[in-house]
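The values are calculated or read from the model by the stated rules, or taken from the named source; none is laboratory data. Computed from a predicted structure; not experimentally measured. Don't worry about glycine lacking a Cβ; one is built from the backbone with ideal geometry, like all the others, and counts go over all protein chains shown. SASA here: full protein model, heavy atoms, side chains in, ligands and nucleic acids out. Shrake-Rupley method; radii C 1.70, N 1.55, O 1.52, S 1.80 Å.
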Amino acid sequence: MLEFKTLTLKDKEWVDKIVMAENSPSADFNFGNMYIWNNYYQPKVCRLGDRMIVKIVYNDKQHFVYPIGSGSLKPAIEEMLSDAAGSGCELILKGVCENHKELLEAEFPGKFVFTEQDVSYDYIYLAEKLSTYSGKALHGKKNHCNRFEAQHDWEFCPITREILPECLDMLDAWIKENDDRLDPSVVDEYNSILRAFTAYEALGFEGGILRSDGHIIGFTMGEMINSDTFDVHFEKADININGAYPMVCRELCRMLIKNHPELKYINREDDLGLESLRRSKLSYKPEYILKKYTARWQDE
C-alpha cells in the first residue's frame, strides 16, 4: 500500500536523486516546481524503491504523474492502479513524454490510451544561442538588446536574499501595470513566486535581476533539472522598457553557462494554452518542443 505525504523541504534530497536518475528535460518532475506550485496542484509524494509516485489535483480530479526514477516500471504502475481503485478513481497519468509512452506500451501493451497534452509542451532552447542571439532568426532579439545597452546604464546581478524584497516590489508593480491583460492564473503564479522567494536558498534556485538606472526592471530564476538542462521557473520584466525581456533571458544564460560548463539546454516551460505566451516562446526559436501526453488506463 502506498503511503503518501505532503511535500516538504526535507524531501528535496531523495527527490533530487530520483529526478537526476530519470535525467528528463521535462519541467514536470523537479522538486522546485512541485514545491512552489504546492498550493495549486496539492502534490502528495511517495517513494517506491527507486521511483517516485506523485498524486496531484488537476481540474478538480485526482491524477498521478508518470512515476520517474529507475528500476522496474511494473510495480509502480500496479501500486498506482491499486491506489486509484481504492479511491474510486481511474488511473490517469500526466506528464508522459515520448520515452515514457514507449516504456508504458512495452510493459502494458494496449492498456493505456494516450492523448496529447499540448498545453503542457515544454519549449527547449540551446543555451548558447540564447546567450548571444546569434543567427538570422534571432536578429530581432539581438537588436533589442543592442538598443537597450545603448540607452541604459544597466547591470545583471545574481539574486541574493537581500535583493528579494526589491524583486517583490517589482513584481507588485508589474502586476498592477499589466492587470488588464493578465490571465486569472496570475494569482496562482504570484503565490508560487512568493513560495519560491521564501525558500530560495533551500530550494537551490539560481537567478538574476536586471537593474537599470538603479531600479530592478526584471528578474528570473530556476534550477538545473538534469545533467545538461536548466528550467526557468519565472521570468518577469518591465514590458514598457524596450529590450528588457530579451536582456533578462540573455544575461541569465550567460551567467548559467559560466556557472555550469555542462549546460546545453534551457527549458522555458509551457505556454499554458495562452496564444500570447505561445507567440513569445516561439519568437525565441526553440531547438525543439517536448511533447507530453496524458495516459489513461483502460479496463477490460
*Could you please state, rounded to a whole Å, how far the C-alpha centre of the stretch 230-278 is from the C-alpha centre of the stretch 139-153?*
16 Å
*asked:* Explain nothing, just compute: Karplus ³J(HN,Hα) = 6.51 cos²θ - 1.76 cosθ + 1.60, θ = phi - 60°, for every residue of the stretch 212-223 in order, whole Hz, x for Gly and Pro.
replied: 10, 6, x, 10, 6, 10, x, 8, 7, 7, x, 7
*Candidate lysines - alpha carbon under 18 Å from LYS141, same-chain residues fewer than 8 apart omitted*: LYS129, LYS236, LYS281, LYS285
*Work out from phi, with θ = phi - 60° and the Karplus expression 6.51 cos²θ - 1.76 cosθ + 1.60, the ³J(HN,Hα) of each residue of the stretch 256-268, listed in order in whole Hz, and give x for Gly and Pro.*
5, 4, 5, 7, 9, x, 7, 5, 10, 10, 10, 9, 9
*Ratio of Rg to Rh over the stretch 198-274 (Cα coordinates, Kirkwood Rh, two decimals)*: 0.98
*asked:* Could you tell me the relative contact order of the stretch 192-277? Use alpha-carbon pairs under 8 Å, at least six residues apart, and round to a whole percent.
replied: 24 percent
*asked:* Give me the Å³ per residue figure for the convex hull around the C-alpha atoms of the stretch 43-149.
replied: 178 Å³
*Compute the acute angle (0 to 90°) between the alpha-carbon long axis of helix 186-198 and the principal axis of greatest extent of the alpha-carbon atoms of the chain; round to the nearest 10°.*
80 degrees
_Hydrodynamic radius of the stretch 83-240 per Kirkwood, over alpha carbon pairs, in Å_ = 19.2 Å
*ARG268: accessible area at probe 1.4 Å, nearest 10 Å²?*
20 Å²
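Quick one: what do you get for the stretch 150-260 if you divide its Cα Rg by 2.2 N^0.38 Å? Provide the component values of the computation, followed by the final result.
Values: Rg = 13.7 Å, N = 111, 2.2 N^0.38 = 13.2 Å.
Against the empirical 2.2 N^0.38 Å value, I get 1.04 for the stretch 150-260.
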_Could you work out the relative contact order of the chain? I mean the mean sequence separation of Cα pairs under 8 Å and 6+ apart, divided by the number of residues, in percent._
27 percent
*Using heavy-atom solvent-accessible surface (probe 1.4 Å) with all chains present, what is the largest-first order of TRP174, TRP37?*
TRP37, TRP174
*In order through the stretch 107-124: 3J(HN,Hα) via Karplus (6.51 cos²θ - 1.76 cosθ + 1.60), integer Hz, x for Gly, Pro*: 7, 9, x, x, 8, 10, 9, 10, 10, 4, 10, 5, 5, 10, 4, 8, 9, 10
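Please give the net charge around ARG296, taking every other residue with its beta carbon less than 13 angstrom from that of ARG296, where Lys and Arg add +1 and Asp and Glu add -1.
+1
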*Give the relative contact order (percent, whole number) for the stretch 20-151; include only Cα pairs under 8 Å separated by 6+ residues.*
15 percent
_If amide hydrogens are placed 1.01 Å from N in the peptide plane, which non-local residues have theirs closer than 5 Å to the one on LEU48?_
ILE53
*asked:* If you count only protein heavy atoms with a 1.4 Å probe, what accessible area per residue comes out for the stretch 62-106, rounded to a whole Å²?
replied: 39 Å²
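Based solely on its DSSP helices, what 222 nm [θ] is calculated for the chain when runs of n ≥ 4 H residues each add -39,500 (n - 2.57) and the sum is averaged over all residues, nearest 500 deg cm²/dmol? Can you show the working numbers first?
Numbers: 12 runs with 120 residues, N = 300.
Helices in the chain give a 222 nm mean residue ellipticity of -11500 deg cm²/dmol.
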*Which far-off residues, 5 or more places away or on another chain, put their amide H under 5 Å from the one on ILE209, with H placed in the peptide plane?*
CYS157, ILE159
*Relative to the longest principal axis of the chain, what angle (0 to 90°, nearest 10) does the C-alpha long axis of helix 164-178 take?*
90 degrees
